[in-house]
Number of protein chains: 2
Amino acid sequence: MLDVLEYAARNQERYLSQLFEILRIQSVSADPARAGEVRRAGQWVADFLAGTGFEHISVMETGGHPAVYADWLHAPGTPTIMVYGHYDVQPEDPIDKWVIHPTPFEPTVKDGQIWGRGTSDDKAQFMPHIFALEAWLKVRGSLPCNVKIFIEGEEEGGTGGTHDFVRSHRDLLACDAVALSDTSWFSPEQPTIVYALRGISYFQVDVKGPARDLHSGVYGGMLRNPLNAIGQIIAGLQDDQGRLTVPGFYDDVVPLTEVEKDEFRKVAINDDERRKDLGVEALFGEAGYTSLERNWARPSFDVHGIWGGFSGEGSKTVIASEGGFKFSCRLVANQDPEKIRGLVEDHVRHLAPSGVKVDVKGLHGGTPVMVPVDNPFLKAGQDAVEAAFGKRPVLVREGASIPITAVFLEDLNAPSIMVGFGLDSDNIHGPDEHMPLSHFRNGIAACVHLYKAFAGVVIPSHSRVP
Amino acid sequence: MLDVLEYAARNQERYLSQLFEILRIQSVSADPARAGEVRRAGQWVADFLAGTGFEHISVMETGGHPAVYADWLHAPGTPTIMVYGHYDVQPEDPIDKWVIHPTPFEPTVKDGQIWGRGTSDDKAQFMPHIFALEAWLKVRGSLPCNVKIFIEGEEEGGTGGTHDFVRSHRDLLACDAVALSDTSWFSPEQPTIVYALRGISYFQVDVKGPARDLHSGVYGGMLRNPLNAIGQIIAGLQDDQGRLTVPGFYDDVVPLTEVEKDEFRKVAINDDERRKDLGVEALFGEAGYTSLERNWARPSFDVHGIWGGFSGEGSKTVIASEGGFKFSCRLVANQDPEKIRGLVEDHVRHLAPSGVKVDVKGLHGGTPVMVPVDNPFLKAGQDAVEAAFGKRPVLVREGASIPITAVFLEDLNAPSIMVGFGLDSDNIHGPDEHMPLSHFRNGIAACVHLYKAFAGVVIPSHSRVP
């Protein structure tokens, strides 16, 4: 594959120049005024693919912002890989905080970094896949395996249109695995591949007491105060380690293995530095786990907001007629958000004290995803990144969700191989977003390796290869 | 004393007309724009007293709104009674809710009620004392006992100036008992006299977690969430009966006697009606007490406000950097608010979980007051009201505070005899405030009896009579 790598190496200036073209498009999906720009970025991807040998290139309507589809399915007997990414970006606000690079949509290279909104998240991460696939097609006239391209336009501020599109286009998008680069490494020295993300069950609880606000002198002691009750319910949901007390909550949790813990130790964060960065006197959580293990591989319980009564200056002796709170449980494989929703709602109702009306409702759920650490696509990803970057990636998890990976798992039965090239320090979503130029360039080389490595994975007989 | 009662009966039209004069003055103490009106109401009282025989009549500066003082101290060997009341009133807002009587400051009599802002609270309640004392002076040229008059102007929206004035004028205001009419009866059929009010200790708790808001996916499980902690602290302050769990909290509580419980039963509210009025499925509180007993004679714990994080529509997965809540404990005799403040603050700090910074501070305190049920001034009050209204008043407590009664107790060592003439249904503080005309008229007669009855109380040798 040296010929393909050499072609890629010779075209680096063109790749950078083309990356700059799409970086200049203000594809801010959360801003309705720039919906046209979002579409223009999708069209740019489609136009690029038009010259490469990909087929069925199409800017597809999803109900939300459009998604770009293309495929090349002429490698019988090999797996079908879907490249996923997103061409939309976060808003650039607050623009006055862009100090190192004051022009978010006029990219530049400085101090070894590519600066601009949408570099690390996600244009300079997904384009390496497309450039690498173009290189294979230009040099060899074919790809090592079957490939479908699916780049969406509303990852950063979605209507859910893309998710619905995936659910209603299972045949079009059928694949053996999804390759995506939308995650980042802890440090430039240690590549990582993410094999698991947490899910979520999010709830709102409304507690109603008396029909009107009451004076606590005139009524205090006669009836249940809904804000007192809120404290009792929140306290009743957790034990003194912060574990959920919901019966059955942990039943389906897949225990963390020693193999996984060993991998995590290779990127172990320093708890003391983390503590200082967060500005707290002590980290806290479930006994028997490191802080990374708790965040990546254990459920967590967080109250997100709490309200009711008087919060102004001074003292008002009111018994508020109502209050409420929002909370979520982060989930890990193999917890099912729907099952958890039922368990949590039941438990909140069980905790509800007499004399107040407690209404609990699940606001949304997201399924946790996990690719088994011995999955051959995952190993192919590790091989490819090691070949390009010179160091074998550690297998890690993340505490947050990438919701579409759950859709790929649920609706396409496809594991997501999260081969990220960015760094945690890239400041995605914030001002002065950037990404190392070397990671963009090595990323292209890694992707040249990646599709070759995927081609060698023996796929089961029920593969969806056409 | 028939001559005095007859004089009072003959002068009822004048009394009503003079009451209307002061009711027309918009003495809203919470409205800085009407400070001049407040002062004018005080001056009206002083001007009225000028023609009666009272001495040392003065509109006194307090630092806040002025107070009116006068005295008549020519009955050696009798107790000295201080008449207390307030000539300021609540704001009339919302004016469009005054439906039965749309002109709050243009009083009228309709359907047997006097309508207007400041009728029941407190002009038509304190003026009967002044009219009755005028009657004694006009008819007999003297009063049955020594009397000081102290009518303030900032009870409804105070700066604390009047409290400071009392504290710094102990000699001027020295007395054996305070007579005040600023409370109300449950029903027109049953007069009541209030012998005890609860006190209060009011607190704010601020809970600080991480230095910045965090994403609950990226950090959840690593650290203590301050809103989770708020729930734990609130829950930790109460047991499942709503009793405070603060060590030592109940040590000084004077137990309710069977005599008191018997009195309470005479005005026992119907719990089911109360429940329906409040719109709750069940009343709630400490076992072994009726709802009235809990509200009147037992401490209570109420969270007044709670805040932190995201309370908008939908779901935001934030770990807020901080949140807080306000709460108070209502106190009963003989709890000391300063001692309670220390106990509660210690317990909140004890409950504060690791990993968050918990700051608790007492915002204000008020001492509970209780006049022993066998106090002779209390009995004199019962005799007087029975003589005028034809039914012996029941001795009751109230769950709320009248803070100045604590000042009278602490600084003047004087019990407050709370001989109210209003009704719970008078809608004080709300629109369409009113008071039965018959209660105003019988109130004057009751006050004619009252000062005669006070005169018969044998006072201890250390009495402050001049």
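Computed from the coordinates by the stated procedures, all read-outs in this text should not be read as laboratory data. The structure displayed is predicted, hence computed values, not measured ones. Cβ placement follows ideal geometry from the backbone for every residue including glycine, while neighbour counts extend to all protein chains displayed.
Computed values, structure above
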quantity: For segment A:49-195, the spread of Cα positions along each principal axis, largest first, Å; calculated: 51, 36, 33
quantity: Separation of alpha-carbon centers, segment A:367-398 and segment A:294-340, rounded to whole Å; calculated: 35
quantity: Packing-based ranking, highest mean first, of B:44-50, B:414-420, B:97-103, A:225-231 given that Cβ atoms within 10 Å are counted; calculated: A:225-231, B:414-420, B:44-50, B:97-103
quantity: Exercise: per-residue mean of other protein chain Cβ atoms within 10 Å, B:229-241; calculated: 5
quantity: Sum of -39500 (n - 2.57) over DSSP H runs of 4+, divided by residues of chain A (222 nm, nearest 500); calculated: -10500 deg cm²/dmol
quantity: Gyration tensor (alpha-carbon) shape descriptor, segment B:190-234, a/c threshold 1.5; calculated: prolate
quantity: Hydrodynamic radius of the protein assembly as shown per Kirkwood, over alpha carbon pairs, in Å; calculated: 32.6
quantity: Radius of gyration, Dmax [segment B:30-76; alpha carbons; angstrom]; calculated: 12.6, 44
quantity: Along principal axes, Cα extents of chain A, largest first, whole Å; calculated: 84, 49, 45
quantity: Peptide A:310-318 - average C-beta neighbours from other chains (10 Å radius); calculated: 6
quantity: For segment A:375-435, the spread of Cα positions along each principal axis, largest first, Å; calculated: 37, 29, 16
quantity: Listed residues A:V369, A:G288, A:F301: farthest to the positive end of the dipole of segment A:247-388 (Cβ charges); calculated: A:F301
quantity: Peptide ranges A:400-407, A:236-243 listed from the most packed, as the mean C-beta count within 10 angstrom indicates; calculated: A:400-407, A:236-243
quantity: Taking N as its residue count, the alpha carbon Rg of segment A:89-159 over 2.2 N^0.38 Å; calculated: 1.43
quantity: Cα pair count fraction exceeding 18 Å, expressed as % - segment B:127-257; calculated: 78
quantity: Size descriptor, Kirkwood hydrodynamic radius, that averages inverse alpha-carbon separations across segment A:43-136, Å; calculated: 15.5
quantity: For B:V369, net neighbour charge (Lys/Arg +1, Asp/Glu -1) across residues whose Cβ lies under 11 Å away; calculated: 0
quantity: Entries in A:K110/A:K138; A:K148/A:K452; B:K326/B:K357; B:K123/B:K261; B:K123/B:K276 that, when Cα-Cα distance is taken, lie over 23 Å; calculated: A:K110/A:K138; B:K123/B:K261; B:K123/B:K276
quantity: DSSP-loop GluC sites (Glu not before Pro) across segment B:374-466, with at most 12 other Cβ within 10 angstrom; calculated: none
quantity: Label spacing, shortest first and in nm, from B:P32 to its equivalents in the remaining copies (7 angstrom along Cα→Cβ); calculated: 4.2
quantity: Global form of segment A:309-466, assessed from the alpha-carbon gyration tensor, a/c cut-off 1.5; calculated: oblate
quantity: In degrees, nearest ten, helix B:226-236 long axis to first principal axis of chain B (Cα); calculated: 60
quantity: Ratio Rg/Rh [Cα only; Rh per Kirkwood] for segment A:363-405; calculated: 1.09
quantity: Dipole axis of the protein assembly as shown (+1 Lys, Arg; -1 Asp, Glu on Cβ), positive-most option in A:W98, A:Y195, B:G236; calculated: B:G236
quantity: Average projection area in nm² (convex hull over Cα atoms of segment A:320-397, one quarter of hull surface); calculated: 8.1
quantity: Test item: B:355-362 mean partner chain Cβ contacts at 10 Å; calculated: 2
quantity: Nearest residue to the symmetry axis between B and A, taken on chain B by its Cβ, in whole Å; calculated: B:A235, 2
quantity: Vicinal HN-Hα couplings computed from phi for segment B:418-427 (Karplus, 6.51 cos²θ - 1.76 cosθ + 1.60; Hz; Gly/Pro x); calculated: 9, 8, x, 10, x, 10, 4, 7, 6, 6
quantity: Cα-based shape type of segment A:220-308, given that a ≥ b ≥ c are square roots of the gyration tensor eigenvalues and the cut on a/c is 1.5; calculated: oblate
quantity: Under 5 Å, built H, 5+ apart or other chain: amide partners of B:L363; calculated: B:Y202, B:F203, B:Q204
quantity: Inter-label distance, nm, simple model (7 Å from Cα along the C-beta direction), B:D171/B:N334; calculated: 3.0
quantity: Share of alpha-carbon pairs per 10 Å distance bin for segment A:218-269, given as whole %; calculated: 18, 25, 26, 16, 9, 6, 0
quantity: Inter-copy spacing of A:H215 label points, which lie 7 Å from Cα along Cα→Cβ, given in nm from shortest upward; calculated: 5.0
quantity: DSSP-assigned coil residues among trypsin sites (Lys or Arg not before Pro) in segment A:367-466, each with at most 11 further Cβ atoms within 10 Å; calculated: A:K391
quantity: Near-label residues of segment A:157-180 by backbone N, under 17 Å of a point 7 Å along Cα→Cβ of A:N413; calculated: A:167-178
quantity: Pseudo-label separations to other copies for B:G77 - Cα-to-Cβ vector, 7 Å, nm; calculated: 12.9
quantity: Protection-proxy order for peptides A:51-58, A:317-324, B:126-133, each taking the mean of Cβ atoms within 10 Å per residue, highest first; calculated: B:126-133, A:317-324, A:51-58
quantity: Degrees, to the nearest 10: B:35-50 long Cα axis against longest axis of chain B; calculated: 30
